[in-house]
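Here the structure is laid out as structure tokens; the discussion comes afterwards.
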């Protein structure tokens, strides 16, 4: 089972005096990269939120936001009545206007308004925390759905590489014969006498150097291991990335040993499919 690192989660909570919107966006990253934005009233809960997100989302570039919209009369700002009255008394000695005009001027001066720091309502925060859980679960579902698309793509490309490998296996005897004929032709063109037994020994040695039996077996094992790992409950992008690197080594070795144009063309196709797998693995959790 594969999870993508790309995802989106959202939850909206309506409280008596405010509407709270929680949003989560996730992109691929080598490690966990958390960006948390929340109103100052909830700032003391940031560490708890970060731990919750880290435990559930594991890896990726995560943008987490809490937006608060007031839906009723609920303000933390109050008029500083003694200060305003003092300002009005002083202004009355300076200007000849009525009390309404004095009040308009007084409220513009410093300290005319007091902002009372709000305290977190723990019961309210528990409700918000529950909504954060819901938004996180929503993102995980999105990751899973994205992962299913990636998984299908991986399966198709692994099958393609497997089919190309089978063609390589079928072509191998033909390749060996072509190498033998090319060497014999080269010797004949030299028009020199040679010891046929010695030549045959050297030919066997030369061909053994280009034997790709081990590489074919190892590549097939890596393809099977990739599929098994992808289907396991503990599937993860880093592990699949390591396996794909091993697949690349075997494909490259087959290409360097093949010494046969038709087989090298198959190797190029395998490399192309593997590169596409590697690109997509960057998005896997």
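Condition check for residue 21 on (1) in contact with a strand residue (DSSP E or B) (Cβ under 7 Å, 6 or more places away or on another chain); (2) closer than 30 Å to residue 238 by Cβ; (3) surrounded by 13 or more Cβ atoms within 10 Å (Cβ to Cβ); (4) in contact (Cβ under 8 Å) with a residue 24 or more places away in the chain: one failure, at (2).
Residue check: is residue 45 out of contact with any helix residue (DSSP H, G or I) (no Cβ under 6 Å at 6 or more places or on another chain), more than 30 Å from residue 278 (Cβ to Cβ) and not assigned by TED's automatic domain parsing to the domain that holds residue 228? Criteria met by residue 45.
This table checks each residue for (1) surrounded by fewer than 16 Cβ atoms within 10 Å (Cβ to Cβ); (2) in the same structural domain as residue 265 (by TED's automatic domain parsing).
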site	(1), (2)
140	no, no
153	yes, yes
158	no, yes
161	no, yes
166	yes, yes
171	no, yes
174	yes, yes
177	yes, yes
181	yes, yes
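Of the residues contained in the range 47-62, one or more are found to be over 30 Å from residue 232 (Cβ atoms), over 19 Å from the mean Cα position of the chain (by Cα) and exposed (fewer than 11 other Cβ atoms within 10 Å of the Cβ).
May I ask you to verify whether residue 254 is surrounded by 15 or more Cβ atoms within 10 Å (Cβ to Cβ) and under 18 Å from residue 157 (Cα atoms)? In short, no.
Quick one: which residue in 91, 24, 34 is in a helix (DSSP H, G or I) and at negative phi? First the steps, then the outcome.
Values: 24 fails: in a helix (DSSP H, G or I); 34 fails: in a helix (DSSP H, G or I).
Step by step, each of 91, 24, 34 is checked, and only 91 is in a helix (DSSP H, G or I) and at negative phi.
The residue of the range 232-251 that is modelled with the lowest pLDDT, among those that are surrounded by 15 or more Cβ atoms within 10 Å (Cβ to Cβ) and outside any helix (DSSP H, G or I), is 235.
The values are calculated or read from the model by the stated rules, or taken from the named source; none is laboratory data. Just so it is clear, the structure is predicted and the values come from calculations on it, not from any experiment. Note that each Cβ is placed from the backbone with ideal geometry, even for glycine, and that neighbours are counted across all protein chains shown.
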